[in-house]
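Here's the structure we're looking at; comments come further down.
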Amino acid sequence: MSDSNFARFVEVGRVVLLNAGPSTGKIAVIAEIIDHNRAVIDGPTTSVPRQSFPYRHLSLTPLRLTNLPRGARSGVIRKQLEKEGTIAKWESSAWAKKRAAIQKRRSLNDFARFEVMLAKKARRDVVRNGPGKGCMSVVLGYYCITHEYIAPCSPLPFRFAPFASLVQPAFWHELTGLKIDVLRLSQDSLSLSASYSVGRSIRDRETGQDIALGCNLSLGADAFVDTPTISPLSVSARGVFKNFNTIEDFKAADKAALFNTVAEEIWSGIIDHKDASKLNQFLLITFADLKKYQYYYWFAFPAFVAKPAWEIAEDGWKAAEAQLSPTQLSSIFNTLHTETKPYFVVKLTGDAAELHAIDQADALLASNDSQSIIIGFLDPSASPENPGWPLRNLLAYLHALYPSHTATLRVLCWRDGELPAPGKSWKSRFGVVSHAGSDDPSTKPTALGWERHPTTNKLSARMADLAPMMDPTRLADQAVDLNLKLMRWRILPALDLEKVASTRCLLLGAGTLGCYVARTLMVRALTLSPSHTPPTLDFRVGASAQSRSSIPPASPSPTPSASPSLNSKIVSTAVNPKLPVQRTDSRRYFPVSTRPATNSRYPCQDIQYPLRRSHRRRKTVEQLEALFDTHDAVFLLMDSRESRWLPTVLGAAKGKIVLNAALGFDTYLVMRHGARATTSNPKPNAPRLGCYYCNDIVAPADVRVLLPLIPVRVTLSILHFPSPSPDRTLDQMCTVTRPGLASIASSTAVELLVSLLQHPDG
């Protein structure tokens, strides 16, 4: 028979833990087994009365009383427990200690929980920065989790205040233009610049205490400029920028390799070139979702970790005016305000202070009077006990190049952006730091510096959403530009978008074709104008046109539906004017376009007009001629051939691009109407383009003679055209065409215009 896999059994003498009842959490001993569900337990030393207890509410412990007889009384059990020390064994077990800790945490009040939080922070600081000579607490006045006070050691490791990125919205706008116009599909690394200034703090009006602001590194609209303009007592930091094309590439990027590349460049600058200008170099990786205007980004500020850690003297960081005189501090301020230096060396001579470049630190530190030498830097931190992130790499720089002179350094954290007011103290801090040294200072140490998320405090990327901040009109404008500029990424690299955007188009006809062409055109200047219709018809959009065009439906009828089988609202037969409706609809899709609407009745072929209206007709033709003069391309999108006559003649006379689009039932025609070479094309022997009237989809029918009409500056001959609308049946007066044909024809017309504009002679 094989051995059992279980080590604990329900047996007489087994010590058990009660999980229910008034004695929950106490231990007892099984004195007798009743059946498969219950046993008699007794705890004479733990105040557990002798009772019958179910197995499902107890837990078997690894402890057991040896040679305990069945049915033993409480006195026998007590003697056996004391003899074997069972209670002491239980209290020393990990199981009992964990339960005691949980119970203690549950019984803490708010202040005790606050003390525990501080103790955890102190422990975390030690783990991050390295323990100082066995000391497990580095924060003065903190208590450990057992409420035992731990005195500070001397010296103490100190913590650096990390950089926090502060990205201005203008930077994302610059990135949008850079991505669309320059980078496109490229993922090459670029150089960018940021800046930080001295640490700032604000005073709380209620408590009078100074509140330190963040240690910020700012990026603005001039981030991609080689030499950005910065204010005095601000430092320019160069960085590496890399943008990814997709969010998947951003997530799957080898971030460790990118980080190590920047860290290696910083270390190479220290060892090979003694270059301190790269100590503040940073890394920024991004993904720009330009459709939603959401930008994912992650900063890294590489800094080298010293092993063992740098330590601050016993008196810690103190006010600079406790070590330097007001005259010396004023001299330092005036020098930095005249010529800002991110890192510098201060040499004290009497009551004066001289500033030197950081590359002169070796000669100054090697002098006999090393106590008069102070290493200084512009500190972006305002925390009294935590110097800024740039000090990390500055100490690594000095220790790697001058290890024999950097066992102890006097450090000045300069934080004064202006002279203090009378009666106010200086904000700069002073401290003495020491380092035990390492085997080979020239060996590259490990680096850290990925920015933590400000909300979760985890190492993760952040997201900036600019869509709620943008003006809807500008948002629509940029959306249209994005659609056009994306064509140049892969499909049409040589596409001249400026020529397309600057083209002024005149659309004659605001019906089905007019709506689709206006919807497809991506140009700023667009004028809509209806074609002429007989005087008996009002030019309005009816219910039948709403299913074929992009015009929004007419106002619903207030009268309830007469048919009980229809649950939807019935479209009213009261129609709306085409032009205002179409203009409103088109501006809803493209608000930045200039779309004036002209609602006029132009002369049409084969219609006799009374002489009393001749003045009105002349004025109308003048208006049409003025529109031709101010536009580059004309779309003829009317239903009938007669209404295309006058615009065709004007286009030929003025040498304009005239594009015709006509619909049949299952056919359509899109073409550029030709003109004589002498009027539209200055090239000799240039072939004449086609004629719309010779290629129309509608065959000529009954022909009448047009009465002569002489508009201003244009003389029209007597021509023959098909019969006008009054002699047509209902199916001839309406646009009867297959679904989808109008959108195909209008899109083809727009493509034809763009192709003409891209031609060298266009």
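The values are calculated or read from the model by the stated rules, or taken from the named source; none is laboratory data. Everything numeric here is computed off the predicted structure, so don't read it as measured data. Quick reminder, even Gly has a Cβ in these numbers, built from the backbone with ideal geometry, and neighbours come from all protein chains shown. To get the accessible areas, we keep the full protein, side chains included, count just its heavy atoms, and leave off ligands, DNA and RNA. Shrake-Rupley method; radii C 1.70, N 1.55, O 1.52, S 1.80 Å.
If you wrap segment 213-358 in the convex hull of its Cα atoms and look at it from every side, the mean projected area works out to 12.7 nm².
Put the Cα centre of segment 231-270 next to the Cα centre of segment 29-104 and the gap is 63 Å.
Ordering 390, 468, 335 by Cα displacement along the dipole of segment 329-469 toward the positive end leaves 468 in first place; charges were set at the Cβ atoms of Lys, Arg (+1) and Asp, Glu (-1).
Annotation: extensible slack from residue 209 through residue 694 equals 165.7 nm (criterion: 0.36 nm per residue apart, minus Cα-Cα distance). Full extension of the chain segment joining residue 109 with residue 124 gains 3.1 nm, where the gain is 0.36 nm per residue of separation less the Cα-Cα distance. Applying 1/(1 + (r/R0)^6) with R0 = 60 Å to the Cβ-Cβ distance of residue 629 and residue 463 gives a FRET efficiency near 0.75. For residue 485, a cut-off of 19 angstrom between C-alpha atoms picks up these lysines, skipping any fewer than 8 places away in its own chain: 179, 291, 292, 499. Take the Cα of residue 182, step 7 Å toward its Cβ, do the same at residue 229, and the gap between the two points is 1.9 nm. Structure shown: which of 255/427; 274/424; 121/278; 255/307; 347/424 lie over 28 Å apart, alpha-carbon to alpha-carbon? Beyond 28 Å between Cα atoms: 255/427; 274/424; 121/278. Going 7 Å from the Cα of residue 51 in the Cα-to-Cβ direction, what parts of segment 69-85 have a backbone nitrogen less than 15 Å from that spot? Label zone hits: none. If R0 is taken as 45 Å, the Cβ-Cβ distance between residue 354 and residue 117 corresponds to a FRET efficiency of 0.45. For the pair residue 322 and residue 434, label points projected 7 Å from Cα toward Cβ lie 1.8 nm apart. Equivalent ellipsoid of segment 5-111: semi-axes from √(5λ) of the C-alpha gyration tensor, largest first, are 25, 15, 14 Å. Sorted on the mean count of surrounding Cβ atoms within 10 Å across their residues, most packed first, peptides 505-518, 188-201, 638-651 read 505-518, 638-651, 188-201. Working from label points 7 Å from Cα in the Cα-to-Cβ sense, the residue 442 to residue 89 distance is 6.3 nm.
Please give the FRET efficiency for residue 501 paired with residue 470, using the beta carbon to beta carbon distance and R0 = 22 Å, rounded to the nearest 0.05.
0.60
Order of 350-356, 653-659 by packing, highest average Cβ count within 10 Å first?
Final packing ranking: 653-659, 350-356.
Heavy-atom accessible area with a 1.4 Å probe sorts 325, 502, largest first, into 502, 325.
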